[in-house]
Structure formats: structure tokens, C-alpha cells
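Only the coordinates and a few stated rules stand behind these numbers; no lab work does. Because the structure is predicted, anything quoted here is derived from the model rather than measured. As a convention, Cβ positions derive from the backbone with ideal geometry for all residues, glycine included, and neighbour counts pool all protein chains shown.
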Amino acid sequence: MAKHPIIGAHVSTAGGLPNAVLLARHIGADAIQIFGSSPRQWEVRLPSVKDANAFRKAFASSGLKGVFLHAPYLINLASEDRGMWRRSVAALAGHLKIANMIRAKGVIVHVGSGVGGLFQARSMELAAAGAKQALRQAVGKSALIIENSAGGGEKIGKNLAEIAELIRLIDSRRVGVCLDTAHSFESGMVNDYGKDEVARLAVEVKRTIGWKRLMAIHANDSKTAWNSKHDRHENIGAGHIGLDGFKNLLANSEFRKIPFLLEVPGFANEGPDKKNVDILRKLAD
């Protein structure tokens, strides 16, 4: 069993990319997730070579064990609207380029929404084609990391079997998975995070996507009840998952090897903070 699991957090890049490293160390995080460019704009601004080098230098001397990017929320690779689809591909490719520049593990992305029903296969095909195109436009080592959804609407990725099928369609070694604890609970993919359910989830990971594909865990408590289909994060221990749920996850030898990245509101409503990091780390002892 990994002695010290990696406890990371989403942090701001305000003031420049290197400031994200300083903020991560301030709250005691072992790894970081950042937005490489604005998450609410289609335009992707690549950092200058100077800024990318400054980030890599700061990161290398920080002791941090990984950096991940999160893609814009606007992206919908499953859209039937060709204009939307093209903008989504371009935006994802741009963020993959940023990830390559700063040597991030990859870009975590919500794939988007399909039209459901008999057309679900078409939505999956569109999403896979978009992912392939983005990967071709951003050659490098950084991965495209698919995040599971909370299950609302017709969002793709409500369970691991659906994500596994998408991975099969994309057919690239550069595709990984991010498992969001709140989304898994809110979508009904897991009933809770009791010991038996965590063990069942571990078996499901191995059976569907495989442990090599699981690159990150978004560690978020859920503000909404089981199977709510509503994506609402809460601080660790303050939601419906509870402290015992995260303790059980961290006690599992396989999940413990995966970086845990906080995306919680923070106890001062300023985003992931030292208190949340400390709570998770204590639960791992």
C-alpha cells in the first residue's frame, strides 16, 4: 500500500502560472490542477515560452508530484452542431498544447452531452472523433483525461462502462480517466462509499477501464443526495459522502495510488484550502 497518497488541489493561476505552485505549497498540496486558459472562453491563449519555462522551473523545485489541466466547461465534443463541435475540438487541442508546454500529466475534460435514446451511439461517435482530432492537433505526451459526469441531461460518461466504450472508440494510449467522487455518487454509479461498495468499485475499474487508465481522482463531497443527477460539490466531510467514505477510499490499496485532487468550495468559499487538504491527509493515516 502506498504510504503517503498524493493529496492535490485545484489552484488559481492569477498573477501568472508560477503563482499556482506557490499557492499549492501554501495550502500543503502535493499536486495541482489549474486552468491553462480561461475556462469560460473559446479562445485559448498559449503561454509564452518564457512563462512556460518559468512554470516548469518553479514546479521542478517545489517538490510537487504532478500537474493537471482542466479543460473549459464550454466544450461539447458530442454536439451535432458542426460549429460547436469544431470550436470544442479547437479548444481542447489548445489546452492539450498548453499541457505539453508545461509538461502536465494531461487535460481533464467533461466530454459533453449527446442527444440520448437511439442516437446515443451517434453521440459517442462524435465525441470519439472530436477527441481523436484534438489529439492529432496537439502531438505530445500529455493525455486527454475523461471525467465521469453527474448524470444530468444526456451527459456522456455517467458510468465507467460508457467511458470504457468511448476509450475503445478513440483508440489512443493518450487517453486516461478522472473519477470524480461526487459525480459517481450523484449519478448513482455508486450507492455510497462504504467498504463493500469501494471494493466493488475497484473491481469495476479493473474490469472496464483498467487501473493504468485511471490517472486522477477528483476528491469532492456531494452537496446533493444519492442519484440526484445534480453536480454540486461540498467540502470533505460536510456532504452526503462523509468522512468515512473518503477514509474507505484512501484505505483501498489501488485507489490510494491515484492522485486525489480537491475541487471543493473551501471553508471560506475561496476554493480548495489547507483545511480540506489536512482533512484528507489525516483520513489517509
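Over the range 32-122, how many percent of alpha carbon pairs lie in each 10 Å bin up to the one with the longest distance? Per 10 Å bin, starting at 0, the Cα pair percentages come out as 17, 42, 25, 11, 4, 0. Taking the DSSP beta bridges with both ends in the range 44-190, the antiparallel portion is around 10 percent. Hydrodynamic radius of the chain by the Kirkwood approach over all distinct alpha-carbon pairs: 18.8 Å.
Restricting the trypsin sites (Lys or Arg not before Pro) of the range 88-179 to loop positions (DSSP other than H, G, I, E, B) with no more than 16 neighbouring Cβ atoms within 10 Å leaves Arg103, Lys141, Arg173. For the pair Glu204 and Phe267, label points projected 7 Å from Cα toward Cβ lie 3.2 nm apart.
Only Lys, Arg, Asp and Glu carry charge here, each on its Cβ (+1 for the first two, -1 for the last two); on that basis the chain has a dipole of about 1180 debye about its Cα centre. Work out the FRET efficiency for Gln120 and Ser61 from their Cβ-Cβ distance, taking R0 = 41 Å, and round it to the nearest 0.05. So, using R0 = 41 Å, E works out to roughly 0.30. With the convex hull of the Cα atoms taken as the outline of the range 146-285, the averaged projected area works out to 7.9 nm².
For the chain, the share of DSSP beta bridges that are antiparallel, to the nearest 5, is 10%.
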